[in-house]
Structures are given as C-alpha cells and as structure tokens.
1. (1) in contact with a helix residue (DSSP H, G or I) (Cβ under 9 Å, 6 or more places away or on another chain); (2) at pLDDT 50 or above: which one isn't true of R10, the others all being true?
2. Can you spot a residue in region 61-79 that is more than 26 Å from the chain's Cα centre (by Cα), at pLDDT below 50, part of a helix (DSSP H, G or I) and surrounded by 10 or more Cβ atoms within 10 Å (Cβ to Cβ)?
3. Scan region 82-112 residue by residue and report those that are under 12 Å from the mean Cα position of the chain (by Cα) and assigned to a loop (DSSP other than H, G, I, E, B).
4. Name the residues in region 123-151 that are under 16 Å from T91 (Cα atoms) and among the β-branched types (V, I, T), would you?
5. Would you check if K87 is touching a Ser or Thr at 6+ places or on another chain (Cβ under 8 Å), surrounded by 12 or more Cβ atoms within 10 Å (Cβ to Cβ) and touching a residue at least 12 places away in the same chain (Cβ under 8 Å)?
6. Quick check on my filter: what residues within region 142-196 are among the basic types (K, R) and modelled with pLDDT under 85?
7. For region 113-126, give me each residue that is closer than 20 Å to G149 by Cα and in a helix (DSSP H, G or I).
8. Quick check: is even one residue across region 154-161 surrounded by 12 or more Cβ atoms within 10 Å (Cβ to Cβ), of a type in the set (S, T, N, Q), in contact with a strand residue (DSSP E or B) (Cβ under 7 Å, 6 or more places away or on another chain) and not in a loop (DSSP other than H, G, I, E, B)?
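The values are calculated or read from the model by the stated rules, or taken from the named source; none is laboratory data. A quick note: this is a predicted structure, and the numbers were derived from the prediction, not measured. Glycine gets a Cβ as well: all are built from the backbone with ideal geometry, and neighbour counts include every protein chain shown.
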Amino acid sequence: MSAEPQVDDRAVQAAVNDVMSRVVDFDDDTRRRILRTVETFFFETHGASGLRPVGQSAAQGPPLQGARRTNFEGREALPPKEFLFRKQPQTDVERVACLAYYLTHYRETPHFKTVDISLLNTEAAQVKYSNAAKSVGNAIRSGLLVPAGKGAKQLSALGERYVEALPDRTAARETLANIRTRRARKAGKSNKQSER
C-alpha cells in the first residue's frame with residue numbers, strides 16, 4: 001500500500017492566502033462564481049473523465065474518481081462542452097439559451113450577465129460570439145431569456161423547456177408554438193373582456 005504524498009502545510013496556507021487575496025475585492029456573487037469555476041475545472045471537468053487535476057503527476061496517485069458527480073438538483077454533473085455537445089445548438093440564440101440553462105442548473109447561477117455567457121462559452125470551447133450582447137438581446141426577443149433586474153438576465157420558462165427539448169428540433173419548435181398559441185389565446189380573451 002503506497003503512502004500518500006506529504007503535503008507542505010505552509011504551501012497550502014500560502015495558496016489559500018493567495019486565492020483569498022485575489023478574490024477579496026469582488027462582490028459575494030462574483031466570488032462564488034469564480035470559486036465554482038475553479039472547482040469545476042479541477043474536480044468536475046477533469047474528474048468526470050478520470051483525468052488528473054492540472055499539475056498532478058502519475059507519481060502523486062491515481063486519477064480522480066467520483067466520475068459523474070451530481071449537483072444540488074440531482075443532475076449529472078457535465079462539463080459545459082459535453083452539455084453543448086449533447087444539446088447541439090445550431091444558432092447563436094440557441095447557444096445562449098443552452099449556456100443560460102447550464103449556468104442556472106449546473107452552476108447555481110440563475111441570474112447572470114452577458115459576460116457570464118461569454119466566459120462559459122469560452123470554457124465550453126465554442127466559437128466566439130461576434131457580438132455577445134446582440135446574441136443575448138436576440139435570445140431575450142425570442143422569449144428564451146428575460147431581464148432579471150440590474151442588467152442581469154435569467155432563463156425564461158419557455159427557454160427552459162426549449163433547451164430541455166433539444167437536440168430534438170421538432171419538439172423544441174412545438175414548445176415554442178404551444179407557448180405562443182397559449183399567449184395568443186390569453187391576449188384574445190383579455191381583449192374581449194376589455195371590450196365589454
């Protein structure tokens with residue numbers, strides 16, 4: 001049975017101090033997002049495939065196990081690249097919706113800004129948006145995202161159902177059609193009532 005490698009407590013404390021000094025000036029939400037991203041990079045992205053964390057050599061022990069962890073909702077913990085591969089978005093708007101879904105359900109970030117979408121897009125190794133703000137704006141106009149106040153956005157109920165239907169494009173289109181039909185009926189009823 002091989003002995004575990006000795007960890008230098010001073011080096012660990014120095015690393016902790018370094019991380020804390022780098023995130024101390026950010027607000028609480030941003031700090032959480034930074035730390036979750038780091039955790040995902042080292043333990044979900046690499047752990048999911050059985051790869052070692054960056055900097056760990058074979059001499060330092062076996063690959064991380066715990067293959068597919070689940071998050072707070074019991075969902076399979078997927079790296080964003082794998083999630084987008086499974087959903088197969090075909091337009092910038094669909095990709096925005098998928099990234100918003102991932103932030104909401106896999107990163108516990110239901111309210112996000114355009115920069116969060118861009119950062120996650122890069123992490124997922126996707127083609128860079130030519131104009132991320134325009135793509136996010138188009139997703140809002142499509143009804144897949146809605147404003148959440150203070151410049152933040154959130155995934156709408158329609159957006160959630162749309163992403164869940166992907167990669168089945170027929171089911172996704174039917175989701176859009178059903179919601180729009182219901183909205184049209186409601187608008188028709190309210191117009192008739194106001195005429196009385």
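1. Of the numbered conditions (1) in contact with a helix residue (DSSP H, G or I) (Cβ under 9 Å, 6 or more places away or on another chain); (2) at pLDDT 50 or above, the odd one out for R10 is (1).
2. no
3. Within region 82-112, R107, E108, T109, P110, H111 qualify.
4. Across region 123-151, the qualifying residues are V127, V136, I140.
5. no
6. R180, R182, R183, R185, K186, K189, K192, R196
7. Scanning region 113-126 gives T114, V115, D116, I117, S118.
8. Among the residues of region 154-161, at least one is surrounded by 12 or more Cβ atoms within 10 Å (Cβ to Cβ), of a type in the set (S, T, N, Q), in contact with a strand residue (DSSP E or B) (Cβ under 7 Å, 6 or more places away or on another chain) and not in a loop (DSSP other than H, G, I, E, B), which makes the answer yes.
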